[in-house]
Ligand SMILES: C[S@@+](CC[C@H](N)C(=O)[O-])C[C@H]1O[C@@H](n2cnc3c(N)ncnc32)[C@H](O)[C@@H]1O
């Protein structure tokens, strides 16, 4: 567990954990980026730019960065990094089969070798110097936390193009990162209807929208010269948060500092490796230690953390190949029955952080004790009301109480309750997977069709992997129920035998 949390903390971190901004519960609506040649740069810091961010871009996209699979700016990035202190590397950026672009071994790399050595002068952190110092000062004055601060910083530097020291880095970032932030509400509803990831994506989109709206109301609107809407708008924030979700690293050896680490963020994820990025005090740079050997031409991977396929889709926009993710899990939703005579009492018992409907992760290898405790609570009869609190506490992962509770008298009902939830979820997945074959057949515009085919494939891959875990749980639950029932039958038969004997 300690190991797992270590990895979770150090991989690229998709969480708005430091975002204290309220979820304004607003539905995301993409704003069209207004390209205005004059206001775009010069207004803000009187920085004269030799290039302006006004090139023509595809609809709704921002005018910096490059296509996600483009190597167009990669050599300029490499050159700039070496001039700026990146030591010679054993890897180079190339087009790859997994992850579009990635770092590929140029020489033999041994298992246990330290690679990268990106110096702190190349990190982007909340302490980085702003090209537009005034804008940075304003955000600091308002105590804007790291995530929104970095999102704003990235936009500010990006809009300055070659007047920013990060120009080469930003030019090599994807113009539209693969992210669920770019899915519309109707796409989420259509393709992810069966998966709980849909809810998480909606929450995340609302968080990003809320954060932007809050910054706009509290700060940007008061300093329109520093933060013109042509530059700092919902579209550019969607981009910068998409970049942060898929590339920001937490560095435990630097007290958990979060940073964008150019070059290191060209590494793709593999579920088959355990190694992750961290700051190395002895070499004073970000490194990772290989946990396997690589030959020249092979893509080198790190782990983004022990994440489920759904979490990988949510933050990084990809789903690993079926059956390759040993950490995969699916969220199973359990609910108290409204018709339960003790519904109110049970709800009252759940007051510490749980609700009448609760999600728990199922893995191929099993499920958490908390899930079983919730099931006990949901099926327990009024006569067990004294145990409601114990069950509710055991169902919560926030309260440190005894988790491994057992109530043999309601074990069968609890198992059946979980099985029913699994089967109802399985049928939602089956419905989507069956319907997916004939979805979008009426679309003729090739660009729209491409997008739909791409999103649908991601959803099909995710739903297939999630359904597979549910099938496994269904199998285990059915077998346990059969054992319980056949055990009961045997006990009844023995009892019957004794009765006959005494007759
Ligand atoms: C930290 S960046 C890695 C570099 C990225 N490939 C690039 O060209 O900029 C994370 C992004 O890489 C891609 N990626 C990483 N690992 C992947 C994998 N195993 N399969 C597919 N895409 C992957 C996803 O688009 C993800 O959002």
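Reported count of residues in region 132-156, each being surrounded by fewer than 23 Cβ atoms within 10 Å (Cβ to Cβ) and touching a strand residue (DSSP E or B) at 6+ places or on another chain (Cβ under 9 Å), is 1. A single member of 237, 245, 232, 227 is more than 15 Å from the ligand (Cβ to nearest atom), in the same structural domain as residue 201 (by TED's automatic domain parsing) and under 23 Å from the mean Cα position of the chain (by Cα), and it is 237. Is it true that residue 171 is more than 15 Å from residue 315 (Cα to Cα) and either without any contact (Cβ under 8 Å) to a residue 60 or more places away in the chain or surrounded by 24 or more Cβ atoms within 10 Å (Cβ to Cβ) (or both)? Judged against the criteria, residue 171 is not a match.
Per-residue answers, yes or no, for (1) in contact with a helix residue (DSSP H, G or I) (Cβ under 6 Å, 6 or more places away or on another chain); (2) over 27 Å from residue 461 (Cβ atoms):
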position: 162; (1), (2): no, yes
position: 168; (1), (2): yes, yes
position: 176; (1), (2): no, no
position: 183; (1), (2): no, no
position: 188; (1), (2): yes, no
position: 194; (1), (2): yes, no
position: 197; (1), (2): yes, no
position: 200; (1), (2): yes, no
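For region 338-347, the condition holds for no residue, the condition being that it is exposed (fewer than 15 other Cβ atoms within 10 Å of the Cβ), within 16 Å of the ligand (Cβ to nearest atom) and not in a helix (DSSP H, G or I). If I ask for residues that are over 30 Å from the mean Cα position of the chain (by Cα) and free of Cβ contacts under 8 Å to residues at least 24 places away in the same chain, which ones from region 400-428 would you list? Within region 400-428, 402, 406, 408, 409 qualify. Among residues of region 81-98 being closer than 20 Å to residue 303 by Cβ and out of contact with any helix residue (DSSP H, G or I) (no Cβ under 9 Å at 6 or more places or on another chain), the one that is farthest from the ligand (Cβ to nearest atom) is 90.
The set of residues in region 310-331 that are within 11 Å of the ligand (Cβ to nearest atom) and under 14 Å from the mean Cα position of the chain (by Cα) comprises 312, 313, 314, 315, 316, 317, 318, 319, 320.
The values are calculated or read from the model by the stated rules, or taken from the named source; none is laboratory data. On a predicted model such as this, the values are computed, not experimentally measured, just so you know. All Cβ positions, glycine included, derive from the backbone under ideal geometry; neighbour counts span all protein chains shown.
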